[in-house]
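Read through the structure below, which is laid out as structure tokens, and then see the notes.
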Amino acid sequence: MKPAWQLLGLATLLLLLLGPQSSLADDGTNGNDAASVEGQRSSEADPDLQSAPDPADQARVETREQSPYGRYLTDADGMSLYLFANDQPGADNSTCDQTCAIAWPPYATQTAPQAGEHVDADLLGTIEREDGSRQVTYDGWPLYYFSGDKAAGDALGQDVIHLGAAWYLLSPDGARIEAGERAEASP
């Protein structure tokens, strides 16, 4: 006969393994829908929490000048773009996917990106992500947004250590900007 503690451990393990499969979500699914959250139908999910945002028809990389960063890259709407120090420039891949790409959405495009003023068109490119989308690169660095930036000029992702490495704004010459601390845009 097995000791009582072994039987209790086995019963607990069975409950953990069988428990979620025996309950039904309120929308009639078995709870295995990856897009659903317990207590929420997948149709009600927040579209901002996507690791693969809709790509721009044609991405346009612009610049903004703001103290203490100097001139740095943005999208056409003035939203800051970042590089991830875990990525290798020119490696043709991104190391930020799944949950990382929710906090740091890739700057994706359907066609070749365009260069704005002060942006070197020869440094623009794209890489194919695992999901098949095309992510904009600059001097080989994949470009990302930060989900915490809400307005043009916000740079709340600057010099943040997250997911094992730092995130930086990128200058028009392709160098990471290490100056300054996180900041919100001034009105």
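Listed values, structure above:
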{"quantity": "Residues located in segment 94-135, provided they are touching a residue at least 40 places away in the same chain (Cβ under 8 Å) and within 18 Å of residue 64 (Cα to Cα)", "calculated": "107, 113, 114, 115, 116, 117, 118, 119, 120, 123, 124"}
{"quantity": "Among residues of segment 85-108, those that are surrounded by fewer than 20 Cβ atoms within 10 Å (Cβ to Cβ) and of a type in the set (Phe, Trp, Tyr), counted", "calculated": "0"}
{"quantity": "Considering residues of segment 140-160 that are open to solvent by 20 Å² or more (accessible area, probe 1.4 Å) and in contact with a strand residue (DSSP E or B) (Cβ under 8 Å, 6 or more places away or on another chain) only, the residue nearest to residue 106 (Cα to Cα)", "calculated": "145"}
{"quantity": "Residue match in segment 131-145 (condition: modelled with pLDDT of 95 or more, within 16 Å of the chain's Cα centre (by Cα) and among the small types (Gly, Ala, Ser))", "calculated": "no"}
{"quantity": "Test: residue in segment 121-132 that is open to solvent by 20 Å² or more (accessible area, probe 1.4 Å) and within 26 Å of residue 180 (Cα to Cα)", "calculated": "yes"}
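The values are calculated or read from the model by the stated rules, or taken from the named source; none is laboratory data. All of these numbers come straight from a predicted model, not from anything done at the bench. Cβ atoms come from the backbone with ideal geometry, glycine included; neighbour counts cover every protein chain shown. Accessible surface areas use protein heavy atoms only, side chains included; no ligands, DNA or RNA. Shrake-Rupley method; radii C 1.70, N 1.55, O 1.52, S 1.80 Å.
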